[in-house]
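Read through the structure below, which is laid out as structure tokens, and then see the notes.
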Amino acid sequence: MKVRLVHILTDTSAVREQASVASLAPVANYGIEYIQSVNEIYNGEKWKIQPNWGSDRFPHASPRKYGAFQSFRKAVLNNYEADLDALILCECDCILTVSAEEFAEQVKRALQFCEKNKISYYTFGFNQDSPVYYTDDEHPHSYISDKIICAHCVMIPNFEREFIMSEIAYRPWETPDIWFNMAFHTRGPSRMGAMYKPIAVQHEGFSLIDQHWKEWQTN
């Protein structure tokens, strides 16, 4: 298994980002490559000029949400090399609820689940709004859904690499989790996966995207 985890960071002096690094970095000891992608806070005007993919249905565009999408875009385009089995993207406040060793084992299982069921997009985190559409008796930890809300710990298998590299390079922007849902819906229904018991949560702290304090998100 050759998997790369890209940790999308912005304010590395913030308590929640330091806690997130402390939680995620040890996965490097268990066969998952750990890379940090540090971004500046976006305060420009391009979000007003460049079309918003979901603007008719989701009129919530803002400079910080545009910046969030660009940070995910950068993480994918700069890091999804062809020889990887999967790319994992983690937001700056992602905290594992299991050991790094157990996380690596769950990644292996999830990747097997994705490959068997042709799952395009998988989350290790929040799944409260992800309905159960199908199950797989050989993989009791995971289920198939058609929606993933939040993108604080998500995985894209290699068989979707070419698709996502093209889509994220040229499709109009959106808030990251909405963008991924819209992109993968073009691949057909029920191509997403989630864990029955999430193993990643969000640390409390001030959200740069939403501009307010967020409590611990534990699903």
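The values are calculated or read from the model by the stated rules, or taken from the named source; none is laboratory data. These figures come from a predicted structure and were not determined experimentally. Please note: Cβ atoms are built from the backbone with ideal geometry, for glycine as well, and neighbour counts cover all protein chains shown.
Step by step: first the residues of segment 111-130, then only those that are among the polar types (S, T, N, Q), touching a His at 6+ places or on another chain (Cβ under 9 Å) and surrounded by fewer than 24 Cβ atoms within 10 Å (Cβ to Cβ), then the one that is nearest to PRO26 (Cα to Cα). Which residue is that?
Looking at the filtered set, the residue picked out is GLN112.
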- Item | Number of the condition not met by MET155 [criteria: (1) buried (at least 18 other Cβ atoms within 10 Å of the Cβ); (2) more than 25 Å from GLY67 (Cα to Cα)] | (2)
- Message: I need every pair where a residue in segment 37-49 that is at negative phi has its Cβ under 6 Å from the Cβ of a residue that is surrounded by 11 or more Cβ atoms within 10 Å (Cβ to Cβ) and assigned to a helix (DSSP H, G or I), sequence separation at least 6 or different chains.
- Response: SER37/ALA75; ASN39/SER71; TYR42/PRO63; TYR42/GLY67; ASN43/PRO63; TRP47/PRO63; TRP47/TYR66
- Restricted to segment 1-27 and to residues being without any contact (Cβ under 8 Å) to a residue 24 or more places away in the chain and over 18 Å from the mean Cα position of the chain (by Cα), the residue farthest from ALA68 (Cα to Cα) is ALA22
- How many of the residues in segment 106-153 are free of Cβ contacts under 8 Å to residues at least 60 places away in the same chain and hydroxyl-bearing (Ser, Thr, Tyr)? 6
- Message: If I filter segment 161-182 for residues that are over 25 Å from SER62 (Cα atoms) and surrounded by 23 or more Cβ atoms within 10 Å (Cβ to Cβ), do I get at least one hit?
- Response: no
- Filter segment 111-138 down to residues that are of a type in the set (S, T, N, Q) and either in a strand (DSSP E or B) or touching a Pro at 6+ places or on another chain (Cβ under 8 Å) (or both), then give me how many there are. 4
- Task: Might you let me know whether segment 19-30 holds any residue that is modelled with pLDDT of 95 or more, among the small types (Gly, Ala, Ser), touching an Asp or Glu at 6+ places or on another chain (Cβ under 7 Å) and assigned to a helix (DSSP H, G or I)?
- Result: yes
- Query: Hey, any hits in segment 75-86 for a residue that's part of a strand (DSSP E or B) and at pLDDT 95 or above?
  - Reply: yes
- Message: Can you tell me which residue is surrounded by the fewest Cβ atoms within 10 Å (Cβ to Cβ) among those in segment 53-69 that are small (Gly, Ala, Ser) and at pLDDT 75 or above?
- Response: SER62
- Message: Suppose we filter GLU101, GLU91 for residues that are of a type in the set (D, E, K, R), farther than 17 Å from THR175 by Cα and modelled with pLDDT of 95 or more; which single one remains?
- Response: GLU101
- Residue check, LYS108 assigned to a loop (DSSP other than H, G, I, E, B), of a type in the set (Lys, Arg) and either surrounded by fewer than 22 Cβ atoms within 10 Å (Cβ to Cβ) or at pLDDT below 95 (or both): no
